Structure formats: C-alpha cells, structure tokens
Amino acid sequence: MSVQIEKIRQSLFSKFPYLAVSDFEQLFSQADLTVLKKGKIFIDLDKKSWKIGFILGGIIRGYHIKDGEEKTIFFASSEEVVASYNTIIFKEASTVVYQAIVETFLITFDWNKMQKLYRDNSNLERMSKDMILSNLGKSIKRLEAQVMFSPEERYVDFLKNYHHLLNDIPQKYIASFIGVTPVSLSRIRKRMMKK
C-alpha cells in the first residue's frame, strides 16, 4: 500500500504544486482505506453521506433510479474523487447510488472532519476547492454532451474520456450513460466499425 500512497502523493504534488509534504501528512492523518467488492455500494440512494472517496484503483459508477430503471450518470476511476455533493452542498440525501463496478480501493475522508483541517490549512482548503471546481467542470461538460451531442457523438466522447475503462464497464452501463438502449449502442458500434 505504501507504493500506492507514494503514487497518490506524487499525483497530488503534480496537480497541486502549492502543496507541501506537511500538507500531505496532515491530509492523510484523516484518511482510512476502504475496499469495495464488485457490486458493493459506497454511497446509497436517499441517504446522507459525508464520505469523500479518493479512488486508488477500480471504478465507481454513479446512477439514479427512475421508474425502476437505472440511469448511469458518471464513471469515476483512479485518482478521481467521489462524494455525495447533494449531502455536502445541500445537506440533503443522495440522489445517486455510488457503486463499485469492479473491486475498488479508496482512501476515504469524513467531510465534517476535513472542514477543521481546511480552516487550519489554507493549502488543503485550496486543493479541496480546486478538486470541487474540476468535478463541476466535468459535470457541466457531461450535461452539455447530453444536450448538444447525438448518441453517436456521445459514444465517441465516452471513448475519448473513458477508453482506458472500456473493457471493465458492461455495455448496458455504457448505453445508459450515453442515453440509449444496449441494442442502439450495438448499432452505433457497428456503424463506427464500418467507417
């Protein structure tokens, strides 16, 4: 695990060059390791969750259930953060289920405990804001793609952004993510192979 921690540390230092070694040590003094087996729920629907997860390895799928049907909203993998923003921002229950698609390893933090740390350490507070803005940007791009792109363009966008996860994500989740049925996804893939 120390190799993974060092990898995370290097990643954080490259993304947030203003961090010092002492910041990293403070941050990880608040961390726990969580291992989710395939299919295990990290954050459940209609529950408040103050957990923040930094993914070391694996894939988390976020989905909503509407009329008994799962609608995939996002995928998150290594070095990405997952949290119930509905709870953290609005203090409401999660409207999304966060589920491990494959065995997933996360470093987890409690949002409320982190607030004290952020008050005491401006570098960590800045890192948190930068991560939140990054996730907001990804969410906006995702929303724009849903509104402005055709299903085929959404699939191309999926391939561009998630090509490294293609073999680990079931086709039905990809279809749901781009807003089509699995049969329609199969047709899109066949058309693209002919081009």
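Coordinate-derived values only; no laboratory data. Remember, predicted model here, so these are calculated numbers, not experimental data. Neighbour counts are summed over all protein chains in view; Cβ atoms, including those assigned to glycine, are modelled from backbone coordinates with ideal geometry.
Work out from phi, with θ = phi - 60° and the Karplus expression 6.51 cos²θ - 1.76 cosθ + 1.60, the ³J(HN,Hα) of each residue of region 46-53, listed in order in whole Hz, and give x for Gly and Pro.
With coefficients 6.51, -1.76 and 1.60, one gets 6, 10, 7, 9, 9, 7, 10, x Hz.
With a sphere of radius 10 Å drawn around the Cβ of T87, what net charge do the other residues whose Cβ falls strictly inside it have (Lys, Arg +1; Asp, Glu -1)?
+3
For K190, which aspartates and glutamates qualify as cross-link partners when the Cα separation must be under 18 Å and same-chain residues fewer than eight apart are set aside?
Counting by Cα, and skipping residues close in sequence, K190 has these aspartates and glutamates nearby: E152, E153, D157.
Quick one: Karplus J couplings for region 154-162, per residue in order, coefficients 6.51, -1.76, 1.60, θ = phi - 60°, nearest Hz, x for Gly and Pro?
Listing the rounded values in order: 5, 5, 4, 5, 4, 4, 5, 8, 10 Hz.
Listed highest first by mean packing, meaning other Cβ atoms within 10 Å per residue, what order do 51-58, 149-156 come in? Walk me through the numbers on the way to the answer.
Details: 51-58: 20.5, 149-156: 16.2.
Packing order, densest peptide first, comes out as 51-58, 149-156.
Starting at the first residue of region 175-189, write each ³J(HN,Hα) from the Karplus equation 6.51 cos²θ - 1.76 cosθ + 1.60 with θ = phi - 60°, in whole Hz, x for Gly and Pro.
Karplus-based 3J(HN,Hα) across region 175-189 equals 4, 4, 4, 8, x, 9, 7, x, 5, 5, 4, 4, 5, 4, 4 Hz.
Helix-only estimate, please: 222 nm mean residue ellipticity of the chain, summing -39500 (n - 2.57) across DSSP H runs of length 4 or more and dividing by its residues, to the nearest 500.
Counting only the DSSP helices, I get -15500 deg cm²/dmol.
Please compute the net charge surrounding P182, taking Lys and Arg as +1 and Asp and Glu as -1 over other residues with Cβ under 12 Å from its Cβ.
+3
What residues qualify as long-range amide H neighbours of G57, i.e. H under 5 Å apart, gap of 5 or more or another chain, H built at 1.01 Å from N?
Long-range HN contacts for G57: F105.
Cα gyration tensor of region 16-67, axes a ≥ b ≥ c as square roots of the eigenvalues: rounded (a/c below 1.5), prolate (a/b > b/c) or oblate?
prolate
Ratio of alpha-carbon Rg to the 2.2 N^0.38 Å globular estimate for region 149-195, to two decimals, please.
Output field value: 1.03.
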